[in-house]
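The values are calculated or read from the model by the stated rules, or taken from the named source; none is laboratory data. The structure presented is a predicted model; accordingly, all values stated were derived computationally and were not measured. Virtual Cβ from ideal backbone geometry, glycine too; neighbours counted across all protein chains shown. Heavy atoms of the whole protein, side chains included, go into the accessibility calculation; ligands, DNA and RNA do not. Shrake-Rupley method; radii C 1.70, N 1.55, O 1.52, S 1.80 Å.
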Amino acid sequence: MNQPAKISEAARPTAPYLAALNPEQRAAVEATEGPVLVLAGAGTGKTRALTTRLAHILHSGKARPWEILAVTFTNKAAREMKSRVAELLGEAAEGLPWLGTFHAVAAQILRRHAELVGLKPSFTILDTDDQLRLIKQILQAENIDDKRWTPRHLASLIDGWKNRGLTPDKLSDDDGWAFADGKGKKLYKIYQDRLGVLNCVDFGDLLLHNLAIFQNHPDVLAEYHRRFRYMLVDEYQDTNVAQYLWLRLLAQGSNNLCCVGDDDQSIYGWRGAEVDNILRFEKDFPGAKVVRLERNYRSTGHILGAASGLIAANRARLGKELWTEADGGEKVAVRGVWDGEAEARAVAEEIENWVSKERSYSDCAILVRAAWQMRAFEDRFIMTGLPYRVIGGPRFFERQEIRDAHAYLRLVRSEEDDLAFERIVNTPKRGAGATSVQKVQMLARAEGVSLSEATRLILQSDEIKGAARTGLSRFLKDLDRWRRDAETMNHAELAEHVLDESGYTAMWREDKSPQSQTRLDNLKELVQSMAEYDTLEAYLEHVALLTDADRTDEGDEVSLMTLHSAKGLEFPLVMLPGWEEQVFPSQRSLDEGGNAALEEERRLAYVGITRAREKAMIFFAANRQIYGRWQSVLPSRFIDELPPDHVDASGDTGYFDSGPGYEGMKENVSTFTSSYSSPGWARMQSNRGKAGSQPPTLDGEARLVAHSDPREAAYPPGARIFHDKFGYGRVVSAEGSKLVVEFEKAGTKKVIASFVSGA
């Protein structure tokens, strides 16, 4: 590995935007030529370094705004970067047309060259709801049971294939066997062909089509090589294969590629992120300069010490040591409780105690490993009146009335958008029932045309009569008129015009349900929000590319979210509940991914701890209700791996007999209250002493045996079970979480207990 040279405190430059940087940040900013990897630890000011680097390139005249490609993972990060550059340079930062998310930039490129992949520039970007409806139609047309082989499952597989840069023709037969007994590859091709007919793309297509354009049309790739003199990439550790290939192709031009990331915060493997992308950066880009940002400006010494000690157990990492000039602060607290209800009560009490010291609820965050853990906290907070908000919950743009409004606007914009047509052709009621719509669909498939065009054709015959004929005819005339109006009318006015003339607004006015007024208010908000965008196309693309991370903070409320949602955020007080085996690390992750999954789970724990600025508290329970079943659980192996010098553990000493170094912690362990002195608590302590007697290992094999999934007891030999892929069968033998099952149709198979259910 190329180690960066020792950076001295040289005389400060005259450029004002460099004044606030530390030596390592300045090195990252001024190393403009050639490949650069900025290895930025949590809280080390990587956003400042990245945005200042962009400003420096502009200010020094090395490139003009339109000659810089800067990609991020969220719209929020892109807006923040543009805002910070503007603060540093003022008007010189205006423009930056190629600063945005991977998907937004790829969509911009695709619109310029859509014809090269058989699309029109007016293509529609499908949301998840429309994608699932399309896949369901395909499964039904192919006579596949969509209850057993669900549209969501196939959508997930297709997304994974696209994240790996695989088109249907490149998909292996083994991959195809992941769905519907080997039909996955065929269905993927049908799905892609159907998208082309509809003039639609899904998220994965944005990059996949870009790759096809760059690989098949060298002249187009050369055009972007000339255009992009400098490339900047944020959160490089989260890139998937398709994003990696896209960047590699574009970087072949100037080779001035700067990637900022942290291998210790790579936590999105489940959605295709490849930590190896950052680990092999120096191999991919020979001569690359590596700059390590290790000075932390966020957390106290004890928080950093605990997090660093934990992540040191990972083998697949480049290595760095975070440090801070702040004092030690409070040690990371580890608290044992009896069950989930006691955990919620303890967390609520800690928060109220925090607020009683004139601190804010918004200072506090509860970060859970899985969304199902939130219920106990929500119940407790509702009962006590503690203000909270769930990050990543239902969103404005996912509401029915907003989706319907968007479908009208999409269809006005693109006549080929069949999914939008299907959604609102009979909303509000126009007499076009399921039978009439089915006739239109059959004709569209037979003629190879859109549903709008098929409707025009069928109205020239006698196939549809009565109210359906009248309603469909009026609907087409309305659409034609709205498209003419769109040429002269402001898009926000057009939206209000369409919703009123279609009868959609009146439908909710006449609705007597309690939600009707809320829906009308949401439609008003929708129209108002559209005015912030220059065109209808810009608005619809913005909505299609939104992510959970783009939500804004509001009010003095405790934040409740998953650990994955917390990436990039920070809070004075962070609560980390559910640190037990099977919950965290997740048993299913270990079953599916082995050691690689364990290391990602550990990185997730590291991310959780480093969200805290002043205080971090970890909780584990003796008993946990997991998916409706009470289970006795064991403290997470990650608790064993926390350095004792940075931890304050409270609980009976029996909990801490097994972890390395915990002998020294015992004298600091307080006594539990009488509510934790029941026989069950003592039995759990005894179990901890037996099951946890072996030291934790990196591959986790010893701990996996000791902490085997308790569901194994539910499937003894002779038990009848059901497996999503193999169907019904009886257990022949069980060893830990591994079952040998004789299936009725598939024969004898070895399966994991977590993948079956009782039948």
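Could you tell me how far the Cα centroid of segment 311-330 sits from the Cα centroid of segment 39-87, in Å? That distance is 25 Å. Among residues other than L171 with Cβ under 11 Å from its Cβ, the summed charge is +2 (Lys and Arg +1, Asp and Glu -1). On the principal axes of its alpha-carbon atoms, segment 91-187 has extents of 58, 26, 23 Å, going from largest to smallest.
In the structure shown, do any of K429/K524; K162/K745; K357/K615; K76/K189; K567/K615; K183/K750 have a Cα-Cα gap over 24 Å, and if so which? Intermediate results must be reported in sequence, preceding the final value.
Numbers: K429/K524 22 Å; K162/K745 32 Å; K357/K615 14 Å; K76/K189 34 Å; K567/K615 17 Å; K183/K750 22 Å.
Pairs exceeding the cut-off: K162/K745; K76/K189.
Starting from the Kirkwood radius over alpha-carbon pairs of the chain, derive D by Stokes-Einstein at 10 °C in a medium of 1.306 mPa s and give it in µm² s⁻¹. Kindly include the intermediate steps, with their values, before the conclusion.
Values: Rh = 28.9 Å.
It comes out at roughly 55 µm²/s.
Between the Cα long axis of helix 203-216 and the first principal axis of the chain there is an angle of about 80°, rounded to the nearest 10. Running Debye on segment 262-358 with equal point scatterers at the Cα sites and no solvent, what base-10 log of I(q)/I(0) appears at q = 0.11 Å⁻¹? Listed by q, the Debye log ratios stand at -0.55.
Determine, from the Cβ-Cβ distance of E330 and K750 and an R0 of 51 Å, the FRET efficiency 1/(1 + (r/R0)^6), rounded to the nearest 0.05. Numbers along the way, then the final one.
Details: r = 48 Å, r/R0 = 0.94.
It comes out at approximately 0.60.
Of the heavy-atom accessible surface of the chain (probe 1.4 angstrom), what whole percent is carbon and sulfur? Write down the numbers at each step before the final one.
Details: 15890 of 32800 Å².
The value for the chain is 48 percent carbon and sulfur by accessible area.
Where does segment 202-318 land on Rg/Rh, using Cα atoms and the Kirkwood Rh? Could you put the intermediate results ahead of the total?
Numbers: Rg = 16.8 Å, Rh = 16.2 Å.
With Rg and the Kirkwood Rh in hand, the quotient comes to 1.04.
When the chain is described by a simple charge dipole with +1 on each Lys and Arg Cβ and -1 on each Asp and Glu Cβ, the residue from A312, G471, M507 located farthest towards its positive end is G471. Rounded to the nearest 20, the size of the Cβ-charge dipole of the chain about its Cα centre is 1120 debye, with Lys and Arg at +1 and Asp and Glu at -1.
For the chain, the longest principal axis of the C-alpha atoms and the axis of helix 491-501 are separated by about 70°. Compared with the dominant principal axis of the Cα atoms in the chain, helix 434-447 is inclined by about 80°.
Run through the DSSP bridge list for the chain and note the antiparallel percent, rounded to the nearest 5. Before the final figure, lay out the partial values.
Values: 24 of 71 bridges.
That works out to approximately 35 percent antiparallel.
Cross-link partners for K749 among the aspartates and glutamates, with Cα-Cα distance under 18 Å and sequence neighbours closer than 8 places in the same chain left out: D174, D181, D591, E592, E712, D724, E735.
Amide hydrogen proximity for C258: with H placed 1.01 Å from N in the peptide plane, the residues at 5 or more positions away or on another chain lying under 5 Å are V36, M231, L232, V233.
With a 1.4 Å probe and all protein chains left in place, how much accessible area per residue does the chain have, in Å²? Write out the running numbers ahead of the final one.
Details: 32800 Å² over 759 residues.
Ligands and nucleic acids excluded, the result is 43 Å² per residue.
For the chain, relative contact order (Cα pairs under 8 Å, six or more residues apart, normalised by length) works out to 14 percent. Relative intensity of segment 431-474 on a log10 scale, I(q)/I(0) at q = 0.15, 0.18 Å⁻¹, equals -0.29, -0.41, per a Debye sum over C-alpha point scatterers of equal strength in the absence of solvent.
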